[in-house]
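Participant: Mind having a look at this structure? Questions to follow.
The values are calculated or read from the model by the stated rules, or taken from the named source; none is laboratory data. This structure is a prediction, so every number in the text was calculated from the model and none was measured. Cβ placement follows ideal geometry from the backbone for every residue including glycine, while neighbour counts extend to all protein chains displayed.
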Amino acid sequence: MKKQKLSPDTTKQLEKWLKLFRKRFKINRSFSHLVIPEREPGVGRLIIEPHELTNMEVFKAIRRFPASYMVFDRRRSFLPNKLLNITLDTITDSSLFTKGDRAYWIRDQVEPDNDLINYSTNQLVKKHITCITLRGMMLYELIYHEETGHPLKAEIDTLCAGSRTIHDGVPCVGWGTIYRDKPKCELFISHSKLKTHGTELSSRRVIM
């Protein structure tokens, strides 16, 4: 197979991912087989998902953010820690995503896509818009922190419409104050229904 020719920026981003995988997950591979899709104008953030990484492994890596917690639903009701692993690692991805290692592009920005605000997962599917997975979003949080020293802390929650929960719903990733007696901003993962939409929720379109 002819080796794919990558732009200097794509090569730089790929190298950052390889360094992150070695440092945080002890994954030491070149990903030379991985075909990186062409990017579109305005979509410049490369996301790579190694096939062997589970949602729980990535979540544990981002637990080093200030007081990260797992939240079960949009009402901020907590899932017991003993059920955390079952829930995260039984979340599956849309059939639009191939098995194995993945590479795709999203917009390089803190907030999710402005043009997808108030769209439910059902509406996104109807419009044939492919969106980020839970694992991809958590990896974006992680590499952004590695690059800047700061978490994303988006004001609008990201609807991870590329994934599905065992409750026939969709996981979301966001930042907010969960406990009244703990005013600090915390990362949380919540659960939404397929029809849920609102101005406080958007997704991130994937180019693959």
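Participant: Checking Glu38 against (1) among the acidic types (Asp, Glu); (2) more than 19 Å from the chain's Cα centre (by Cα); (3) buried (at least 18 other Cβ atoms within 10 Å of the Cβ): exactly one of these is not met. Which one?
Facilitator: (3)
Participant: Which members of the stretch 88-111 meet the condition of being touching a Phe, Trp or Tyr at 6+ places or on another chain (Cβ under 9 Å), in a loop (DSSP other than H, G, I, E, B) and either of a type in the set (Asp, Glu) or farther than 16 Å from Ala161 by Cα (or both)?
Facilitator: Asp101, Val110 - these are the residues of the stretch 88-111 that are touching a Phe, Trp or Tyr at 6+ places or on another chain (Cβ under 9 Å), in a loop (DSSP other than H, G, I, E, B) and either of a type in the set (Asp, Glu) or farther than 16 Å from Ala161 by Cα (or both).
Participant: Can you name the residue in the stretch 125-141 that is among the hydrophobic types (A, V, I, L, M, F, W, C) and surrounded by 22 or more Cβ atoms within 10 Å (Cβ to Cβ) and is also farthest from Leu194 (Cα to Cα) among such residues?
Facilitator: It comes out as Leu139.
Participant: While we're here: Just give me the residues in the stretch 84-103 being surrounded by fewer than 17 Cβ atoms within 10 Å (Cβ to Cβ), among the β-branched types (Val, Ile, Thr) and at pLDDT below 85, in sequence order.
Facilitator: Answer for the stretch 84-103, where residues must be surrounded by fewer than 17 Cβ atoms within 10 Å (Cβ to Cβ), among the β-branched types (Val, Ile, Thr) and at pLDDT below 85: Ile86, Thr90, Thr98.
Participant: Since Ser190 meets every condition but one in (1) within 24 Å of Leu20 (Cα to Cα); (2) not in a loop (DSSP other than H, G, I, E, B), which condition does it not meet?
Facilitator: Result: Ser190 fails condition (1) only.
Participant: Could you please find all residues in the stretch 152-164 being surrounded by fewer than 21 Cβ atoms within 10 Å (Cβ to Cβ) and touching a Leu at 6+ places or on another chain (Cβ under 7 Å)?
Facilitator: The answer is Ile156, and nothing else.
Participant: Continuing with the same structure: Of everything in the stretch 19-37, what is in a loop (DSSP other than H, G, I, E, B) and of a type in the set (A, V, I, L, M, F, W, C)? Give them in sequence order.
Facilitator: Those that are in a loop (DSSP other than H, G, I, E, B) and of a type in the set (A, V, I, L, M, F, W, C): Ile27, Phe31, Leu34, Val35, Ile36.
Participant: Just the residues that are β-branched (Val, Ile, Thr) and over 16 Å from the mean Cα position of the chain (by Cα), please, taken from the stretch 140-177.
Facilitator: The answer is Thr148, Ile166, Thr177.
Participant: Out of (1) of a type in the set (Gly, Ala, Ser); (2) over 16 Å from the mean Cα position of the chain (by Cα); (3) over 18 Å from Gly169 (Cα atoms), what's the single condition that is false for Ser120?
Facilitator: Of the numbered conditions (1) of a type in the set (Gly, Ala, Ser); (2) over 16 Å from the mean Cα position of the chain (by Cα); (3) over 18 Å from Gly169 (Cα atoms), the odd one out for Ser120 is (3).
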